[in-house]
Amino acid sequence: MSTLDSLNRLLFLLLFIICSSHMRSQDSQILKFNEKGHFKIAQFTDIHFKYNNAASNVALERINEVLDAEKPDLVIFTGDVIYARPAGKGMREVLKLVSNRKIPFAVTFGNHDDEHDMTRTQLYDLIRQIPYNILPDRGTSPSPDYVLEIKSSSDNSKIASLVYCMDSNAYSTIESIKGYGWFSLDQINWYRQRSTAYTTNNKNSPINSVAFFHIPLPEYSEAVKDETAILRGTRMEKVCSPAVNSGMFMAMKESGDIMATFVGHDHDNDYAVMWKGILLAYGRYTGGNTVYNHLSNGARIIELNEGKRSFSTWIRLKDGVIIDNYKYPESFEKDDWKNRK
């Protein structure tokens, strides 16, 4: 066999391996309800990871413990993943825990992720290089919002549920307004357009959806001040929402698809409160002792039900402890005693 033939065969073999690997990766990224009609999401938030810092080890331990116990179909990190330089090494150290298990994962940024030595754009591109990420090509956006489709257990062509992942931004960019950032009108229009398109293609019926981002909406604060709102979980600090209400909650309410939103940001809150039919929920602080926290670290689990506007959610802590196991909407509805028989 000539040297040229050998090189051609080697090149063909390499191309075959690359293509096969790509196909396997694409197939493994399909999000789908299981045969029982369930789809499980693990939410990790506010890890505040410092690379090569002993105080961060407990965060990695908890992530490993939760992943081993829950075996989720999808993992979502809702911001403030890293809290020191080198940001790239820190991000890889955290995400490899999921990637090594071959679990699809997504990331939304918080207000601290890009405060070190990498921009949002650089971090997004780095995450896209890690196996089993399901972030879309960002195009010209530094950190795009995106929606993940969960397919039916019986039909890969049918969308059974949607997961919206959004960048709630960091800080106000208007000098006269202090505090945290808010969803821009462009982001709200993006959500409306996507939601409308999915509803239209679903015979004008909204698809049961959930949304994940970092900073709580102003409605989180509004809800906890209402004595009639049903709240379950722990509330140990005020809601650190933006000073401006740009209208994302109302867009979700009008669209009729969002069942719940899941955020982080406030380390000492892990509650969920029903507000006008939408559950406003926090994840559980996942980080170590690298920043303030008075709650032991853990994760929120969300299990969606196919074909139903319902889900179960609970918080998993150290050593298999599970707390706050609730169902939406049943656990957050008032008992209508007048209609009892």
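The values are calculated or read from the model by the stated rules, or taken from the named source; none is laboratory data. Note that the structure is predicted; figures quoted are calculated from it, not measured. Note that we place each Cβ from the backbone using ideal geometry, even for glycine, and neighbour counts take in every protein chain shown. Side chains included, ligands, DNA and RNA excluded: accessible areas come from the protein's heavy atoms. Shrake-Rupley method; radii C 1.70, N 1.55, O 1.52, S 1.80 Å.
Yes/no matrix, rows are residues, columns are (1) closer than 25 Å to residue 197 by Cβ; (2) surrounded by fewer than 18 Cβ atoms within 10 Å (Cβ to Cβ); (3) not aliphatic (A, V, I, L, M):
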{"residue": "242", "(1), (2), (3)": "no, no, yes"}
{"residue": "266", "(1), (2), (3)": "no, no, yes"}
{"residue": "276", "(1), (2), (3)": "yes, yes, yes"}
{"residue": "281", "(1), (2), (3)": "no, no, no"}
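Quick check on my filter: what residues within the range 208-229 are assigned to a loop (DSSP other than H, G, I, E, B) and surrounded by 17 or more Cβ atoms within 10 Å (Cβ to Cβ)?
Within the range 208-229, 208, 213, 214, 215, 216, 217 meet the criteria.
Please go through the range 43-81 and pick out each residue that is under 25 Å from residue 151 (Cβ atoms) and crowded, with 17+ Cβ neighbours inside 10 Å.
43, 44, 66, 67, 70, 72, 73, 74, 75, 76, 77, 78
Checking the conditions here, which among 63, 47 is among the aliphatic types (A, V, I, L, M), within 21 Å of residue 133 (Cα to Cα), within 16 Å of the chain's Cα centre (by Cα) and not in a helix (DSSP H, G or I)?
None of the other options fit; the residue is 47.
Can you tell me how many residues within the range 159-204 are closer than 24 Å to residue 309 by Cα, within 22 Å of the chain's Cα centre (by Cα) and in a loop (DSSP other than H, G, I, E, B)?
Qualifying residue count, the range 159-204: 1.
Got at least one residue in the range 295-312 being within 16 Å of the chain's Cα centre (by Cα), within 25 Å of residue 58 (Cα to Cα) and aromatic (Phe, Trp, Tyr)?
no
For a quick check of your reading of the model, give me the residue pairs whose first member lies in the range 115-131 and is free of Cβ contacts under 8 Å to residues at least 60 places away in the same chain, whose second is acidic (Asp, Glu) and open to solvent by 40 Å² or more (accessible area, probe 1.4 Å), with beta-carbon atoms closer than 6 Å and at least 6 apart or on different chains.
Here the result reads 120/114, each pair linking the range 115-131 to a residue that is acidic (Asp, Glu) and open to solvent by 40 Å² or more (accessible area, probe 1.4 Å).
Take residue 324 and tell me if it is surrounded by fewer than 24 Cβ atoms within 10 Å (Cβ to Cβ), of a type in the set (D, E, K, R) and touching a strand residue (DSSP E or B) at 6+ places or on another chain (Cβ under 6 Å).
Numbers: surrounded by fewer than 24 Cβ atoms within 10 Å (Cβ to Cβ): yes; of a type in the set (D, E, K, R): yes; touching a strand residue (DSSP E or B) at 6+ places or on another chain (Cβ under 6 Å): yes.
Yes: the conditions hold for residue 324.
Of all residues in the range 147-158, which are farther than 18 Å from residue 302 by Cβ and either crowded, with 22+ Cβ neighbours inside 10 Å or touching a Phe, Trp or Tyr at 6+ places or on another chain (Cβ under 9 Å) (or both)?
152, 154 - these are the residues of the range 147-158 that are farther than 18 Å from residue 302 by Cβ and either crowded, with 22+ Cβ neighbours inside 10 Å or touching a Phe, Trp or Tyr at 6+ places or on another chain (Cβ under 9 Å) (or both).
Scan the range 66-109 for residues that are part of a strand (DSSP E or B) and farther than 13 Å from residue 287 by Cβ and jot them down.
74, 75, 76, 105, 106, 107, 108
For the range 312-335, state whether one or more residues are small (Gly, Ala, Ser), within 30 Å of residue 251 (Cβ to Cβ), at pLDDT 95 or above and in a loop (DSSP other than H, G, I, E, B).
no
So residue 126 fits all but one of (1) at pLDDT 95 or above; (2) more than 25 Å from residue 291 (Cα to Cα); what number is the exception?
(2)
In the range 100-126, which residues are in contact with a Leu (Cβ under 8 Å, 6 or more places away or on another chain), of a type in the set (A, V, I, L, M, F, W, C) and surrounded by 19 or more Cβ atoms within 10 Å (Cβ to Cβ)? Outline the logic, then answer.
Taking the range 100-126 as the starting set, the residues that turn out to be in contact with a Leu (Cβ under 8 Å, 6 or more places away or on another chain) are 101, 103-107, 109, 113-114, 118, 124.
Still in the running and of a type in the set (A, V, I, L, M, F, W, C): 103, 105-107, 109, 118.
The answer is 105, 106, 107, 109, 118.
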